[in-house]
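Asks: To start, I am sharing the structure in question, which I have written as structure tokens.
The values are calculated or read from the model by the stated rules, or taken from the named source; none is laboratory data. If you're wondering where the values come from, they're calculated on a predicted model, not measured in any experiment. Reconstructed Cβ throughout: ideal geometry from the backbone, glycine too, with neighbour counts over all protein chains shown. Please note that ligands, DNA and RNA were not included when accessible areas were found on the heavy atoms of the full protein model with its side chains. Shrake-Rupley method; radii C 1.70, N 1.55, O 1.52, S 1.80 Å.
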Amino acid sequence: MNKKLIYADHAATTPLMPEALEAMLPFMKGDFGNPSSIHSWARKPREAVREARAAIAMCINAEPEEIFFTSGGTEADNWVVKGSEGGMLVSSYEHHAVLNAVASEARRGRDVVYVRPKVGNGGGYIMPERLSKVWEEGIGLVSVMTANNEIGTINPIHLLSDFAHKHGALFHTDAVQAVGHIPIDVREMGVDFLSASAHKFNGPKGIGFLFMRKGVKLEPLLNGGQQENGFRAGTENVASIVGMATALKVNCERMNKTAGYLDDLTSRLRDGIDRIFPGAIYLGDGVAGQLPGFTSVSFPGHPAEGLMHMLDLKGIAVSTGAACDSKNTRISHVLKAVNATNEIARSTIRITLGSENTVADVDIILAALKRILREAGNDIT
Ligand code: PLP
């Protein structure tokens, strides 16, 4: 009997949306011209890149000239960190794309100050009061993620950017987990820079963008040709740019409906977990304060790696902490930052549902968890 495979690791990556694939195909076939060429083969690709930039800008309330295509979230984050000036204030639970870029800059002599998220019940957020506690003269860049990739909490970005601006610093947000899932309005958020990655919102891998507000500038990370207005060299990845714009547009149109659907699925999942394992501990701050579909949950006494592998054997994909940390048995820096004990951190799995998941999928996940926990000899109901 074929078992149904269930993918519940959407924070790691998402399946490519059929509409995006369709939109990409012509540029991987006949319309392969280089958008920078002078001859007529450039016309369609150039027009497609222009339209994609406009569509993306519209989804986040930016101007098209404020969108710069990159190879993904990692490049966008690195660009902001390495292309900016002055000291940096960053949250201690950023993705490694920010943290390791910041560490590299620190080795070259830039000052760095870290801010920890609020801990305890209702924790997992960075609040402006916390920024003011660690503020130091000379900070030129503040970077706090829109939503955390391990616990799913959503930060009050407009308050944080306001604080940074009042103190004369620029503000960057890594919105890789948020774009395409919750409303993003760069004007309301008041950000100078925002990073995004297509594969997190049903677009292709290896493509993303940086929003850079008109009037602010970064040193280019990649030097070469004059693409992206001279700010990011390299022949455009036309097919992927088109796929990304299509995926974002479709996701933005469906956003409210999808979020409501995922909240319902998540509540069903958590109710079920509470029934089979009343001692389960959730990280983050409840369904309302987290990304749609996001559950980070600890089963004390049950190592996360074992749970993940047992679920995998049953055809269910979840993760322990961040996907990029899957080969790393150290305790996640995010869980440390929110003060999770070693015991909780070691037994935390991340279940992130997506729009293609169904009620039946949730019930299969719950049945599998129940069996695995029972086989492990736990007193479950
Ligand atoms: N930032 C966050 C919050 C992420 O979750 C990820 C991917 O896991 C990245 C950055 C890196 O993005 P990419 O995979 O496009 O390089």
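Asks: So which residues in the stretch 195-208 are farther than 21 Å from T258 by Cβ and crowded, with 23+ Cβ neighbours inside 10 Å?
Replies: S195, I207, listed by residue number.
Asks: Being open to solvent by less than 10 Å² (accessible area, probe 1.4 Å), of a type in the set (S, T, N, Q) and at pLDDT 95 or above narrows it down to one residue among N148, N100; which is it?
Replies: Details: N100 fails: open to solvent by less than 10 Å² (accessible area, probe 1.4 Å).
The conditions single out N148.
Asks: Check off (1) open to solvent by 40 Å² or more (accessible area, probe 1.4 Å); (2) over 30 Å from G284 (Cα atoms) for L218 and give me the number that stays unchecked.
Replies: (1)
Asks: Could you check the stretch 63-153 for strands (runs of 3 or more DSSP E) lying wholly inside it with 1 or more residues that are within 16 Å of the ligand (Cβ to nearest atom)? Walk me through how you get there before you give the answer.
Replies: Values: elements: 67-70, 87-91, 112-115, 139-143.
Per the criteria, 67-70, 87-91, 139-143.
Asks: Could you check, for the stretch 277-291, whether at least one of its residues is under 20 Å from N121 (Cα atoms), within 16 Å of the ligand (Cβ to nearest atom), modelled with pLDDT of 95 or more and in contact with a His (Cβ under 8 Å, 6 or more places away or on another chain)?
Replies: The answer is yes; a qualifying residue exists.
Asks: Would you check if there is a residue in the stretch 309-327 being closer than 23 Å to V119 by Cα and open to solvent by 50 Å² or more (accessible area, probe 1.4 Å)?
Replies: No; the residues of the stretch 309-327 include none that is closer than 23 Å to V119 by Cα and open to solvent by 50 Å² or more (accessible area, probe 1.4 Å).
Asks: Among the residues of the stretch 290-301, what is the count of those that are open to solvent by 20 Å² or more (accessible area, probe 1.4 Å) and in contact with a strand residue (DSSP E or B) (Cβ under 9 Å, 6 or more places away or on another chain)? Let's see the steps before the verdict.
Replies: To start, the set of residues in the stretch 290-301 that are open to solvent by 20 Å² or more (accessible area, probe 1.4 Å) comprises 292, 300-301.
Then drop every residue that is not in contact with a strand residue (DSSP E or B) (Cβ under 9 Å, 6 or more places away or on another chain), which leaves 300.
Count: 1.
Asks: Out of the residues in the stretch 13-22 meeting the condition of being open to solvent by less than 20 Å² (accessible area, probe 1.4 Å) and within 16 Å of the ligand (Cβ to nearest atom), tell me which one is farthest from A317 (Cα to Cα). Talk me through it step by step, then tell me what you get.
Replies: Restricting attention to the stretch 13-22, the residues satisfying the condition of being open to solvent by less than 20 Å² (accessible area, probe 1.4 Å) are 14, 17, 20.
Next cut, within 16 Å of the ligand (Cβ to nearest atom) only: 14, 20.
Details: T14: 12, A20: 24 Å.
Per the criteria, the residue is A20.
Asks: Which residue pairs have Cβ atoms under 6 Å apart, sit 6 or more places apart or on different chains, and have a first residue in the stretch 249-268 that is closer than 12 Å to P183 by Cβ and a second that is open to solvent by less than 20 Å² (accessible area, probe 1.4 Å)?
Replies: Matching pairs, first to second residue: N251/G180; N251/F201.
Asks: In the list A42, A48, A76, A52, which residue meets the criterion of being free of Cβ contacts under 8 Å to residues at least 40 places away in the same chain and open to solvent by less than 30 Å² (accessible area, probe 1.4 Å)? Spell out how you get there, then give the answer.
Replies: On the way: A48 fails: free of Cβ contacts under 8 Å to residues at least 40 places away in the same chain; A76 fails: free of Cβ contacts under 8 Å to residues at least 40 places away in the same chain; A52 fails: free of Cβ contacts under 8 Å to residues at least 40 places away in the same chain.
After ruling out the rest, the residue left standing is A42.
Asks: Of the residues that sit in the stretch 154-187 and are part of a strand (DSSP E or B) and among the aliphatic types (A, V, I, L, M), which one is nearest to the ligand (Cβ to nearest atom)? It would help to see each step written out before you state the result.
Replies: Taking the stretch 154-187 as the starting set, the residues that turn out to be part of a strand (DSSP E or B) are 154, 170-174.
Next, only the ones that are among the aliphatic types (A, V, I, L, M) stay: 154, 170.
Numbers: I154: 12, L170: 18 Å.
Going through the qualifying residues, I end up with I154.
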